[in-house]
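Asker: Take a look at this one; I'll ask things after.
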Amino acid sequence: MSATQTKQPQTRGRRATAGAAATAGSQPWERARHRRWFVPLLVAISLVVLGFGLRAVVTGTVSTDESLVYYTVRRGTLPIAVTERGNLESQKTEQIICEVENFGGDRSGVVGTQILFIVPNGSSVKQGDLLVELDSAPLQERLDTHFLALRRAKAEKTQIESKYRNQITQNETNLAEAELAVQLAQIDVDSYEDGDGGTFQIELQNIEMEIQNARAAQLIRKTDYDAFKLLYDLGYKSKGDLSAAKLALLKADAELAGQMARSRQLQVYTYRAEKINRQGKLDTAIKNREQVMRNNESALAEAQAMKDNADNAYAKEKERFERYTAQKAKCTIRAPQDGMVAYATEEGRWNRSAVIEEGAFVRERQEILSIPDLTRMQVNMAVHESVLDQVSAGLRATVRVDAFSDRIYNGTVASVAVLPDQGGWLSSDTKVYKTIVTIDEEVTQLKPGMTAVVEIDIEQLENVLTVPIQAIVQRADKNWCYLQIAGRPERREVKLGKTNDKFVEIQEGLAEGDIVVLNPMSLVQEQQAAAAVKKAAAKKSAQDTPDADDAESTATEANAAAGTVEASDTDADADTGESTAAAPATAAPDRQRPAPEGAPKRAPRKPPTVAPSTPSTGTNSPQ
């Protein structure tokens, strides 16, 4: 006991002594004398009782109580499993939704398609049976309108396609004519400039022949003139004959000069002019061909655009007609598989449920009903985050349905969610992960929504020492239990291993055949209550003792004894309180653990409990 704790009882003792002295002075002497021998006797008895309690705390033994429940430690198999509750649902559920677009509605502003007929809820149907008949009248009106539009679009498409083909033919004709003009112009240029037999060479040769003829004629005329002049000189020809001969010679000279001028004009001027003229015609023909090609391209593009517009208009009208035809066909819904009909429920505005019935309106993509396959079922459950790392797809499991508790089904973990379930705005901060466990066999009589208990097999420990979890007392990082030794319970510290909902593995501290107490909290509470009573009695005795020195000594000894009991009982857990749960730190808190027969019942707790992957010591101690 500390100095502060010792000083407080002494102060209270002095005050009590002063009060007792004042009272003794005011009362008769006989009454004070009677109190002098009664108070020391009461203090002595309290010290004796407190001494026995202190011995029990220090030695770890208490007196035998008939209310204690015992259990014999034995070796055996410890199955490690995760147990959770969930709801049944079908492995294969066909969702029947409204695939009809929102064409109709009523006068109140409700948009959707009206239900004309629907099979009763809970009915058993076969594949191909009629489930729902929706109102197709608005669709039929649209079909009639678009059928006429489709025919008009088809006629316009045919007409424009004909114009398009005619434009192609016209373009080919225009281009052929332009090509012909270019070819003729090119031939004209080539034929004029051909050095072997071109037009220019022919004309030049003709002029050369004319020049030669003119020269020959000039020579003849000159010879004639010379002959006539000689004869004139001899007197055989007259002067008229000589003048005629001279005139003929002059004509021959003029003819030769004219032919020489024609030759020069042809070679210097006519050739250049004709060449430029013919080349210009060729260039014009080439440019005209290019113009025709551009005009053809433009005209063809225009015709193509008109054809594309007509094709698109026809395709659009055809698509609309086919869409409305398909929408009309979707007004009749038939069963895709055998099963039971279950109407869909949907929360609407003001927390009212959207009713599925004949005469009601359903929106596009709204679920109408579902057809679950009742022969293949699965359990939809939530796994606590503390055991998530131990649960994985492929683990074996057993399923027990509350409605048929005598049946056990074999199952397999199909999937474990990666993200926690968000829950609603009223949900707590506890993180759980959606897990699906499929039932491996075909079932009968099971219905969706039934409650089932799933036990997922994690591992199985063979030949280990086990005790019920309620036999363990935990304080901070220390765990112990009470053994029955020589007919009296004795506290023994133990080292824990893995655990399940009922039993925990004992690695150190116990041996096979040891007898442990199943309700150790009664012993702990008894010790704490006895210590509290003794402390209160000591304080009461100190207040009633008239002798100041005796009262101070008595109070100091009582407080010291009571403090020793409290220190022994709360050496490791002054603030955490008691716990008999032997689950490790990885187990979820507040998990309800069923106790074996004969053990006291405990309050249920919600989160799951599973065996840890490491022994329950230090940070992995039971919670």
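Asker: If a residue has to be free of Cβ contacts under 8 Å to residues at least 40 places away in the same chain, under 30 Å from R221 (Cβ atoms) and of a type in the set (D, E, K, R) to count, how many in the stretch 247-303 make the cut?
Answerer: Counting residues in the stretch 247-303 that are free of Cβ contacts under 8 Å to residues at least 40 places away in the same chain, under 30 Å from R221 (Cβ atoms) and of a type in the set (D, E, K, R) gives 3.
Asker: Would you pick out the residues in the stretch 320-329 that are of a type outside the set (G, A, S) and either over 32 Å from the mean Cα position of the chain (by Cα) or surrounded by 16 or more Cβ atoms within 10 Å (Cβ to Cβ) (or both)?
Answerer: Result: R320, F321, E322, Y324, T325, Q327, K328.
Asker: Quick check on this structure: which one of R492, R407 is part of a strand (DSSP E or B) and under 30 Å from I371 (Cβ atoms)?
Answerer: Working: R492 fails: under 30 Å from I371 (Cβ atoms).
After ruling out the rest, the residue left standing is R407.
Asker: Do we find that Q445 is farther than 22 Å from T93 by Cα and part of a loop (DSSP other than H, G, I, E, B) in this structure? Walk me through how you get there before you give the answer.
Answerer: Details: farther than 22 Å from T93 by Cα: no; part of a loop (DSSP other than H, G, I, E, B): yes.
The answer is no for Q445.
Asker: Please work out if V504 is of a type in the set (A, V, I, L, M, F, W, C), closer than 30 Å to R400 by Cα, part of a loop (DSSP other than H, G, I, E, B) and touching a residue at least 12 places away in the same chain (Cβ under 8 Å).
Answerer: On the way: of a type in the set (A, V, I, L, M, F, W, C): yes; closer than 30 Å to R400 by Cα: yes; part of a loop (DSSP other than H, G, I, E, B): no; touching a residue at least 12 places away in the same chain (Cβ under 8 Å): yes.
When the stated conditions are applied, V504 does not pass them.
Asker: What number of residues within the stretch 449-460 satisfy the criterion of being at pLDDT 90 or above and either assigned to a strand (DSSP E or B) or buried (at least 19 other Cβ atoms within 10 Å of the Cβ) (or both)?
Answerer: Of the residues in that region, 7 qualify.
Asker: Being at pLDDT below 85 and either open to solvent by less than 60 Å² (accessible area, probe 1.4 Å) or part of a helix (DSSP H, G or I) (or both) is true for just one of G280, G195. Which residue is that? Steps first, please.
Answerer: Working: G280 fails: at pLDDT below 85.
Just one listed residue meets the conditions, G195.
Asker: Just to check your reading of the model, which residue among T435, T466 is touching a Lys or Arg at 6+ places or on another chain (Cβ under 8 Å), at pLDDT 90 or above and among the hydroxyl-bearing types (S, T, Y)?
Answerer: Working: T435 fails: touching a Lys or Arg at 6+ places or on another chain (Cβ under 8 Å).
From the options T435, T466, the qualifying one is T466.
Asker: Out of A315, A310, which single residue is open to solvent by less than 60 Å² (accessible area, probe 1.4 Å), under 21 Å from L150 (Cα atoms) and without any contact (Cβ under 8 Å) to a residue 24 or more places away in the chain? Working first, answer last.
Answerer: Numbers: A310 fails: without any contact (Cβ under 8 Å) to a residue 24 or more places away in the chain.
The conditions single out A315.
Asker: Whether any residue in the stretch 469-486 is outside any strand (DSSP E or B), free of Cβ contacts under 8 Å to residues at least 40 places away in the same chain and over 43 Å from the mean Cα position of the chain (by Cα) is what I want to check. Break it down into steps so the answer makes sense when it comes.
Answerer: From the stretch 469-486, those outside any strand (DSSP E or B) are 469-472, 476-477, 486; that's our starting set.
Subsequent filtering for residues that are free of Cβ contacts under 8 Å to residues at least 40 places away in the same chain retains 486.
Still in the list and also over 43 Å from the mean Cα position of the chain (by Cα): 486.
The answer is yes, given that some residue of the stretch 469-486 is outside any strand (DSSP E or B), free of Cβ contacts under 8 Å to residues at least 40 places away in the same chain and over 43 Å from the mean Cα position of the chain (by Cα).
Asker: Ok, one more. Could you run through the stretch 507-524 and say how many residues are part of a loop (DSSP other than H, G, I, E, B) and among the polar types (S, T, N, Q)? Before you say what the answer is, go through the steps one by one.
Answerer: First pass over the stretch 507-524, keeping only residues part of a loop (DSSP other than H, G, I, E, B): 509-514, 518-520.
Of the ones still in play, those that are also among the polar types (S, T, N, Q) are 519.
Summing the residues that are part of a loop (DSSP other than H, G, I, E, B) and among the polar types (S, T, N, Q) in the stretch 507-524 gives 1.
Asker: Can you tell me which condition E179 does not meet? The list is (1) within 60 Å of the chain's Cα centre (by Cα); (2) among the charged types (D, E, K, R); (3) over 30 Å from F103 (Cα atoms), and all the others hold.
Answerer: Among (1) within 60 Å of the chain's Cα centre (by Cα); (2) among the charged types (D, E, K, R); (3) over 30 Å from F103 (Cα atoms), the lone unmet condition for E179 is (1).
Asker: For I202, indicate whether it is in a helix (DSSP H, G or I), under 30 Å from T284 (Cα atoms) and either at pLDDT 90 or above or open to solvent by 90 Å² or more (accessible area, probe 1.4 Å) (or both).
Answerer: Values: in a helix (DSSP H, G or I): yes; under 30 Å from T284 (Cα atoms): yes; either at pLDDT 90 or above or open to solvent by 90 Å² or more (accessible area, probe 1.4 Å) (or both): no.
Answer is no for this residue.
Asker: Can you pull out the residues in the stretch 247-256 that are of a type outside the set (K, R) and open to solvent by 60 Å² or more (accessible area, probe 1.4 Å)? Reasoning before the result, please.
Answerer: To start, the set of residues in the stretch 247-256 that are of a type outside the set (K, R) comprises 247-250, 252-256.
Hits for the stretch 247-256 are L247, L250, A254, E255.
The values are calculated or read from the model by the stated rules, or taken from the named source; none is laboratory data. In this text the structure is predicted, and so the values were computed from the model without any measurement. Cβ coordinates were reconstructed from backbone atoms using ideal geometry, including for glycine residues, and neighbour counts include every protein chain displayed. Protein only, heavy atoms only, side chains kept; ligands, DNA and RNA dropped before computing areas. Shrake-Rupley method; radii C 1.70, N 1.55, O 1.52, S 1.80 Å.
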